[in-house]
Amino acid sequence: MASGLIDSTVVVDVMRGYEPAAKWLETQAEPAITRMVHLEVLAGSLNKIEQQKALRFLQRYSIIELTLNDFVWATEMLVRYRLSHNVGINDCLIAAPAARLGLPLYTHNLKHFAPLLGDLAQKPY
């Protein structure tokens, strides 16, 4: 079972070799990513070489898949927080499995995730 979920902001820092991110990640038992984070990281690839590098890198994480209830929850959160907090669709879909499983979501985007998850949204380093 995953010990926590990591957001794209953290994955990208690790991929880029940012030392605080790498050191923090070493302290995590079983970090996982959501399918949405997987897609966001791949979408950031500018060419085939970067895409292949990202695919290889992402293999180290287990992926928490979205359920139908996650989509329902994400829709409710989008309606509740889109206009007041500028929370986006991807934010809601990334947060949904964390809410469902009661797992922390490690992110640097507390502005968008804290309204959705409260204390489960945590800055990792």
Cα-based shape type of region 4-122, given that a ≥ b ≥ c are square roots of the gyration tensor eigenvalues and the cut on a/c is 1.5 | prolate
Which of 91, 13, 70 moves the most in a Gaussian network model of the chain with Cα springs under 10 Å?
-> 13
In debye to the nearest 20, the charge dipole size for the chain, taken about the Cα centre with +1 at each Lys and Arg Cβ and -1 at each Asp and Glu Cβ, equals 220 debye
Which of the trypsin sites (Lys or Arg not before Pro) across region 1-61 are loop residues per DSSP, with 14 or fewer other Cβ within 10 Å?
-> 16, 60
Ordered by fewest other Cβ atoms within 10 Å, a rough proxy for footprinting exposure, 12, 41 read 12, 41
In straight Cα distance, which lysines are under 19 Å from residue 23, not counting same-chain residues fewer than 8 positions off?
-> 123
Classify region 1-65 as rounded, prolate or oblate, taking a ≥ b ≥ c as the square roots of the eigenvalues of its Cα gyration tensor: rounded when a/c is under 1.5, otherwise prolate if a/b is larger than b/c and oblate if not.
-> oblate
Between 33, 94, 63, which gets the highest mean-square fluctuation from a Gaussian network model of the chain, Cα cutoff 10 Å?
-> 63
Would you work out which of 102, 74, 114 lies farthest towards the positive end of the dipole of region 64-115, given +1 charges on the beta-carbon of Lys and Arg and -1 on that of Asp and Glu, about the Cα centre?
-> 114
For region 4-122 the mean separation of alpha carbon contacts under 8 Å (6+ apart) over residue count, i.e. relative contact order in percent, is 30 percent
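Since every read-out is calculated from the coordinates, none of them should be taken as a lab result. Because the structure is a prediction, the values reported are computed rather than measured. Don't worry about glycine lacking a Cβ; one is built from the backbone with ideal geometry, like all the others, and counts go over all protein chains shown.
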